[in-house]
Amino acid sequence: ECFLILPNHMAHAMKAADKRHWYDVPSRVVNTGFVWLRETAFRPLMAGVIKARYVVLAGVIAVFASQAALFIKGDVQWRFFNAPERGSVTGNFIMAEGATRSDTLAMMREMQRATEELGAEYEERYGTNPLDYVIAQIGGNSGYGLAGADNKDNDLLGGISIELIDADLRPYSSFAFVGELQDRVVQHPLAETVSFRGWRSGPGGDALDVQFYGADTDTLKSASEDLQDALRLYPEVSAVQDNLAYDKEELILDLTPQGQALGFTIDTLGRALRHRLGGIEAATYPEGPRSATIRVELPEGELTADFLDRTQMRTPTGLYVPLADIVSVERRTGFSTVRRENGIRLISVTGDISEDDPARATEIQDALQNDILPRIASERQVEFRLAGLSEQEDEFLNDAMTGLILCLTGIYFVLAWVFGSWTRPVVVMAIIPFGLVGTIYGHNLWDVPLSMFTVVGLLGMTGIIINDSIVLVTTIDEYAETRGLIPSIIDGAADRLRPVMLTTMTTVLGMAPLLYEQSQQAQFLKPTVITLVYGLGFGMLLVLLVVPALVATQHDVSRQIAAMRRGVRAPVNAMRFGLVSLWAMIIGWGALTLGWAAWYDALHPAFAAALPLLQSLSPMTGALLLFIAGTAGVALVGYVIAALSFAILRGRSTG
């Protein structure tokens, strides 16, 4: 396109440009107006930018800080993945052991009643019944099944599948419907778990996934129930459950002192009971190509409810004693499965958080991490960690940061090779962080939280802004070969105004239809669109203002560095000694302030005692203030001494 097709188009365009056509009037009018704007408004503006370059840079930094403050304060929220709206809702339940099929049917009818009642209420409230269809079932769960359902009797399981009308036909989300539905269902007395869940697209994993570990199974289960009780106070949280489901009642046998005195052990007792209840394999013998097994088992009539009371156990000395005399029996509800990772018992509590209000979702997450989980961990003496989407979010951000570092490193080395300078790429790439100004402003204006799609948009926007910056800096460097730097900056910015504007406007106008798209299915793409539209829009202004100011500032700094080098290499010993002494004092002062704070995470004791007000600040902030003040003082003293020395030497030469 660039080297084959475009030159051919340009050749035909140049031939046609020599002729004047009536249909070219709009183009000529626009070109005339653009030239007038560039010459009468933009050039004087660039001259003012160069003259007040430090003021411009300070203003841009202040704007950047103001937008960053919006994110830090929480006015602009962060949400890892903005899932597209879906209309599928499932509700599942598990009945406790001892419940009958009629109890399961009663719970199912209650879920149907609540669903139909809420649908009728929504029809009165919004004018349309949201229910497209409802399917109820018993004998299994619907969709995302409950933990422990595989080990339950089918008559104890039930589920309901609800499909809502299209998201564009209703002003509320499926999360809002689920939040009201789970409050309306009256739980059956024998219902062990009742859970509703709205389906979501996107990365796997639950929005809420907390793993408890570091204690026995009963303690972990108690911690899980505490967390579930705390989360049920938030209507935005749904589908709360754990993966440690209760199972049938267990009998826990423990040896009494009498049993221990008679010579019984837990191992021998357990082996004997297992043989009596499950049978013993007495022998195997071949039968044709196969083998047969002879098992010795108790008659079924012996395995009755009073088995433990009737069983006699033989002591090592040959005597028989009743089992009830040598063991104590404890009845306890057991668990269907116990999950372990690396030999450590683990229980996961999962759930879903409504995304309708990002600020509320962030508030729930903060309360969970800073209040609920630490309190439960302290009371139950357990450890916890966050998994699910939170874990995936950390992995994504780490990978994105690694990719960004590699990308910027590659860009820097390529630019250093192209420009033949180690400092010029810094000027080109310094524009990248300021692209966040438009991104955060756009998200705040549209009330859309930042998400992983924002990060994707930032990576794409970085390339476009870098291209504009490269074109501008290259033009300035070409002009600087034949004229002064300041005129080169003004002429280069004026000449590249049209390409920068066209690059930005084509992208922004092309993305504008998506920006105003109202379909619910397209909302998850909005962070990317906002990032590109507002990031490039503000980026164009920043490229035209910040890059010229940075080029002029770099020229100022290079002049100061060159002057410093000439001073250090000067034949006057006093000048060399003075400059080296000043730098040694600044480096030593930095070691006492910033270096001490970085190494010990505290201010130097002498500064802390002399300036107690600094103790109210963080160590690095206080050290930075001290370093700036001390450096300014050293520079001022050096300047005064140099001025006095120059005046004295001048007076002597005059005398």
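What's the number of the condition Ala176 fails, among (1) at pLDDT 90 or above; (2) surrounded by fewer than 20 Cβ atoms within 10 Å (Cβ to Cβ); (3) among the hydrophobic types (A, V, I, L, M, F, W, C)?
For Ala176, the failing item is (1).
Could you grab the pairs with beta carbons closer than 6 Å, sequence gap of 6+ or different chains, first residue in the range 560-576 and aromatic (Phe, Trp, Tyr), second one surrounded by 12 or more Cβ atoms within 10 Å (Cβ to Cβ) and at pLDDT below 80?
none
Could you check how many residues of the range 481-516 are free of Cβ contacts under 8 Å to residues at least 12 places away in the same chain and within 30 Å of Val448 (Cα to Cα)? Quick ask: steps written out before the conclusion?
Initial filter on the range 481-516 (free of Cβ contacts under 8 Å to residues at least 12 places away in the same chain): 481-484, 487, 502, 505-506, 509-510, 513, 516.
Now drop any that are not within 30 Å of Val448 (Cα to Cα), which leaves 502, 505-506, 509-510, 513, 516.
Of the residues in the range 481-516, 7 are free of Cβ contacts under 8 Å to residues at least 12 places away in the same chain and within 30 Å of Val448 (Cα to Cα).
Within the range 434-465, how many residues turn out to be modelled with pLDDT under 85 and surrounded by fewer than 18 Cβ atoms within 10 Å (Cβ to Cβ)?
Let us first name the residues in the range 434-465 that are modelled with pLDDT under 85, namely 434-435, 459-460, 462-464.
Cutting the leftovers down to surrounded by fewer than 18 Cβ atoms within 10 Å (Cβ to Cβ) gives us 459-460, 463.
Matching residues across the range 434-465 total 3.
Considering Thr219, Thr193, which residue is in a helix (DSSP H, G or I) and of a type outside the set (Phe, Trp, Tyr)? Steps first, please.
Working: Thr193 fails: in a helix (DSSP H, G or I).
Residue meeting the stated conditions: Thr219.
If you check every pair at least six apart or on different chains, which have Cβ atoms under 8 Å apart with a residue in the range 128-143 that is assigned by TED's automatic domain parsing to the domain that holds Leu118 and closer than 13 Å to Leu118 by Cα first and a residue that is aromatic (Phe, Trp, Tyr) and modelled with pLDDT of 90 or more second?
If the second residue must be aromatic (Phe, Trp, Tyr) and modelled with pLDDT of 90 or more, the pairs left are Thr128/Tyr122; Asn129/Tyr122; Pro130/Tyr122; Pro130/Phe177.
Looking at the range 124-145, is at least one residue closer than 30 Å to Gln518 by Cα and hydrophobic (A, V, I, L, M, F, W, C)?
Within the range 124-145, one or more residues are closer than 30 Å to Gln518 by Cα and hydrophobic (A, V, I, L, M, F, W, C).
Name, by its number, the condition in (1) assigned by TED's automatic domain parsing to the domain that holds Val508; (2) under 26 Å from Val426 (Cα atoms) that does not hold for Thr528.
All conditions are met except number (2).
Which residues, counting only those in the range 607-645, are at pLDDT 85 or above, over 41 Å from the mean Cα position of the chain (by Cα) and more than 29 Å from Met575 (Cα to Cα)?
Selection gives nothing.
Got at least one residue in the range 262-283 being part of a strand (DSSP E or B), loosely packed, with under 11 Cβ neighbours inside 10 Å and either without any contact (Cβ under 8 Å) to a residue 40 or more places away in the chain or assigned by TED's automatic domain parsing to the domain that holds Leu319 (or both)?
Yes, there is a match, as at least one residue in the range 262-283 is part of a strand (DSSP E or B), loosely packed, with under 11 Cβ neighbours inside 10 Å and either without any contact (Cβ under 8 Å) to a residue 40 or more places away in the chain or assigned by TED's automatic domain parsing to the domain that holds Leu319 (or both).
Take Arg652 and tell me if it is within 28 Å of Ile561 (Cβ to Cβ) and basic (Lys, Arg).
Values: within 28 Å of Ile561 (Cβ to Cβ): no; basic (Lys, Arg): yes.
Judged against the criteria, Arg652 is not a match.
Lys73 fails exactly one of the following numbered conditions: (1) under 30 Å from the mean Cα position of the chain (by Cα); (2) within 21 Å of Leu542 (Cβ to Cβ); (3) loosely packed, with under 14 Cβ neighbours inside 10 Å. What is the number of that condition?
Lys73 satisfies all of (1) under 30 Å from the mean Cα position of the chain (by Cα); (2) within 21 Å of Leu542 (Cβ to Cβ); (3) loosely packed, with under 14 Cβ neighbours inside 10 Å except (2).
Just a yes or no: is a residue in the range 631-643 within 30 Å of Gly435 (Cα to Cα), part of a helix (DSSP H, G or I) and out of contact with any His (no Cβ under 6 Å at 6 or more places or on another chain)? Outline the logic, then answer.
At the first step, the residues of the range 631-643 found to be within 30 Å of Gly435 (Cα to Cα) are none.
No, there is no match, as no residue in the range 631-643 is within 30 Å of Gly435 (Cα to Cα), part of a helix (DSSP H, G or I) and out of contact with any His (no Cβ under 6 Å at 6 or more places or on another chain).
The values are calculated or read from the model by the stated rules, or taken from the named source; none is laboratory data. Keep in mind the model is a prediction, meaning the values are calculated, not measured. Heads up, the Cβs are rebuilt from the backbone with ideal geometry, glycines too, and the neighbour counts pull from every protein chain shown.
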